[in-house]
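Notes for the one structure printed next.
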Amino acid sequence: MIDKNDIEITEETKNLTIKGTLKLFPVAKIPLEELKYNRRNGRIATWISEYESENEVLPTETENFNSIIESFIEKSNPDSLKKTKANIERFGQMEAAVVLTDGTLVDGNRRFTALRELKREGKGAQFNYIKAVILSESYTDKEIKTLELNLQHAKEERVDYNPIDRLVDIYRDLLAPNAQFSSAEYAREVDEKEVKVKDNMAVAQLMIDYLKYIKHPNMFYIARQQKLDGPLREINKILKSKKIDPSDYNDAKDILFGSLATVKGDATRKIRDMRPIIENPRRLRLLVNELDDTLDDLEDYFEEGAKEKNNSTNEKVSEENETNESKNVSDSFTVKLPKNIVDKVNETVETEIDNSKLKKAEKAPLKALSRAVNYLQESDPEALYYISEKSEKDKQDILRLIAELKSHVKEIEAEL
């Protein structure tokens, strides 16, 4: 708990909306050593999941805990931290933070980090404390989270979130077993339309499903490292298409996840190019039949990898195996996939994409001619008569266009 004898109430105040009411709170000066980071801060959710996947749990001792979380704040957005630090050093802390009585920061993690760095650098006694509102214990967890959403989703703050960290926040607040918000409540608190919130919920659920698919459940850092926001949004657009029969939904999802796990190059473009295939029942069935055994092998490989991880067997891959394996798209995600599986999925999907584009190109003249006929039918002969009566220039323009049309028609007939 924050020691009341160590704090100093200032003349500053800060307006906060809590329990649906705008209220004026006093701002206090609190020594930095009295505070600790909020481990549920959405901006570092993926970094914490990465740490805990390698180290089991974060330390409970405050300074060790703070040192680890500080490194996550620094890595999550170094440019923003640098600007915040420079601004505080030059002008002082302009915006008060918000903390709980136990010293946990609800808002102000980056300001806290900047002040910690300035204090270590010996920049002056004015950087030994943080200015913050201290919230009493009378507020519920949901009320505190609502306040956090209000503060962190302010217009000037939205750009600071990594898109995957935002999806993790949405999962925790709206989809997880202990989620406290409805989509309508969340939309109101973050000032967004509910339809957008529901769309983000669908993408967040796909993230959870994909991590389960590769047998790394809730290891959110993998989604960040693989930059899955774009590909998952494309998958969401495809899967909610009315062209997909409900009976084909699971097959479509498996094909898309298998392609995402083995993709080489631009994953977002690859998934987007797959849409015509997935939306065509016949071509989807052909693709499923072609890749059925390969996707089963991929699933088995992930399953075996999960068992090895659980058994803590970290054997080095021999030189012979190394030549027969292929890294997936991520720069950092260290799971390696058998080269034969990666090549089979990529070659099969690429062939189908090329065939789809070829078919589309073959149909292009027919579609263009159909549109041309429709446009011509919109040309009322009586209207043309009145135009030509009023303007000789309009009449000549119409005759010129008709001549061009006749010329194109003759070329097409000759080609056929």
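The residue list Val133, Asn66, Leu118 was ranked by how far each Cα lies along the charge dipole of the chain toward its positive end, using unit charges on Cβ atoms, and Val133 comes out on top.
Can you tell me how the chain classifies by the Cα gyration tensor, rounded, prolate or oblate, using a/c under 1.5 as the rounded cut? Oblate is the answer for the chain, as a/c is 1.5 or above yet b/c matches or exceeds a/b. Between the alpha-carbon centres of segment 282-303 and segment 196-271 there is a gap of 16 Å.
Projecting the Cα positions of Leu81, Thr13, Tyr51 onto the charge dipole of segment 8-118 (unit charges on Cβ atoms of Lys, Arg, Asp and Glu, taken about the Cα centre) puts Thr13 furthest along the positive direction. Of Leu32, Gln205, Leu291, whose Cα points farthest to the positive end of the dipole of the chain (charges on the beta-carbon: +1 Lys, Arg; -1 Asp, Glu; origin at the Cα centre)? Working it through, the farthest residue towards the positive pole turns out to be Leu32. State in Å² the accessible area per residue of the chain; use a 1.4 Å probe, count heavy atoms of protein chains only, and round to the nearest integer. Per-residue value: 58 Å². Look at the Cα gyration tensor of segment 26-115: its axes a ≥ b ≥ c give a/c of at least 1.5 with a/b at or below b/c, and that counts as oblate.
Taking the C-alpha atoms only, the angle from helix 141-152 to the longest principal axis of the chain is near 60 degrees. In terms of packing, defined here as the mean over residues of other Cβ atoms within 10 angstrom, the peptides 266-274, 22-30, 161-169 line up highest first as 161-169, 266-274, 22-30. Please state the shape class of segment 1-44: rounded when a/c is under 1.5, otherwise prolate if a/b exceeds b/c and oblate if not, all from the C-alpha gyration tensor. Oblate.
Under the simplified labelling scheme, the Asp380-Glu415 pair shows an inter-label distance of 3.4 nm, with each label point 7 Å from Cα along Cα→Cβ.
If you sort Leu151, Leu228, Leu416, Leu376 by accessible surface, 1.4 Å probe, largest first, the order is Leu416, Leu376, Leu151, Leu228.
Simple point charges give the picture: +1 on the Cβ of Lys and Arg, -1 on the Cβ of Asp and Glu, and for the chain a dipole about the Cα centre of about 1240 debye.
The values are calculated or read from the model by the stated rules, or taken from the named source; none is laboratory data. For clarity, every value in this text was computed on a predicted model and none was experimentally measured. Virtual Cβ from ideal backbone geometry, glycine too; neighbours counted across all protein chains shown. Side chains are part of the model used for accessible areas, which takes the heavy atoms of the whole protein and leaves out ligands, DNA and RNA. Shrake-Rupley method; radii C 1.70, N 1.55, O 1.52, S 1.80 Å.
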